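These notes are about the structure you will find just below.
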Amino acid sequence: MAVFTKELEFQTSGKGTYEISHEVERIVEQSNVRHGTVTIFVKHTSASLVLMENADPSARRDLEMFFDKLVPEDTDYFIHTYEGADDMPSHIRMALTRSSEVIPVHERQMMLGTWQGIFLFEHRRAPHRRRIVVTVMGDS
């Protein structure tokens, strides 16, 4: 079994979803793994990963607005606010989503659905550099 790991870095411009599918696909191709899985892992507690509609950006905007309403900033009972009003809400939003995704690989291609994309979900208002580890495992 072959294992190929690479770390990616993304600069966000603040809260929102950022598609990373193409960068992950390039790593799958570099790995020469023909059949197996790719695992994507975000190394942060205030950002997450989501598989989401990638054809219509309004679907992602609806998701972002939903999370803004679900876990609002400036909630008066949050104690963990050392880095500002969006500090604890960003951690809760991450806990409600995912820090990793596993996607099947077949014939050196990710088996995503027609309208699926892999997105980095930034939960902080300020720009951040986010690190993501991609590991491809399987038969070459």
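The values are calculated or read from the model by the stated rules, or taken from the named source; none is laboratory data. Since this is a predicted model, take the numbers as computed values, not measurements. Quick reminder, even Gly has a Cβ in these numbers, built from the backbone with ideal geometry, and neighbours come from all protein chains shown.
Here are a few things to note about the model shown:
- Set side by side, the residues Met65, Met88 differ, and just one is touching a His at 6+ places or on another chain (Cβ under 6 Å) and free of Cβ contacts under 8 Å to residues at least 24 places away in the same chain, which is Met88.
- For Asp87: the one exception among (1) of a type outside the set (A, V, I, L, M); (2) at positive phi; (3) surrounded by 15 or more Cβ atoms within 10 Å (Cβ to Cβ): (2)
- Contacts under 8 angstrom Cβ, first residue in segment 49-61 being within 10 Å of Trp115 (Cα to Cα), partner assigned to a helix (DSSP H, G or I), 6 or more apart: Met52/Ala59; Met52/Arg60; Met52/Leu63; Glu53/Ala59; Glu53/Arg60; Asn54/Ser21
- Filtered residue count, segment 1-60, keeping only those that are among the aromatic types (Phe, Trp, Tyr), more than 12 Å from Arg131 (Cβ to Cβ) and in contact with a helix residue (DSSP H, G or I) (Cβ under 9 Å, 6 or more places away or on another chain): 1
- Remark: pairs (first residue in segment 124-140, under 24 Å from Arg108 (Cα atoms) and touching a residue at least 12 places away in the same chain (Cβ under 8 Å); second residue crowded, with 17+ Cβ neighbours inside 10 Å and of a type in the set (Gly, Ala, Ser); Cβ separation under 7 Å; 6+ apart in sequence or on different chains) = Val136/Ser31; Val136/Gly36; Met137/Gly36; Gly138/Gly36; Asp139/Gly36.
- Residue match in segment 92-108 (condition: at pLDDT below 95 and more than 22 Å from Gln11 (Cα to Cα)): no
- Taking the criterion of being loosely packed, with under 14 Cβ neighbours inside 10 Å, basic (Lys, Arg) and farther than 19 Å from His123 by Cα, the only residue of segment 20-68 that qualifies is Arg26.
- Taking each residue of segment 16-38 that is over 16 Å from Val102 (Cα atoms) and looking for partners that are at pLDDT 95 or above and assigned to a helix (DSSP H, G or I) with beta-carbon atoms closer than 8 Å, six or more apart or interchain, yields Gly16/Arg60; Gly16/Glu64; Thr17/Arg60; Thr17/Leu63; Thr17/Glu64.
- Conditions (1) touching a Phe, Trp or Tyr at 6+ places or on another chain (Cβ under 8 Å); (2) under 14 Å from Ile27 (Cα atoms); (3) crowded, with 21+ Cβ neighbours inside 10 Å: number failed by Gly138: (1)
- Residue in segment 127-134 that is outside any strand (DSSP E or B), at pLDDT 95 or above and surrounded by fewer than 17 Cβ atoms within 10 Å (Cβ to Cβ) present: yes
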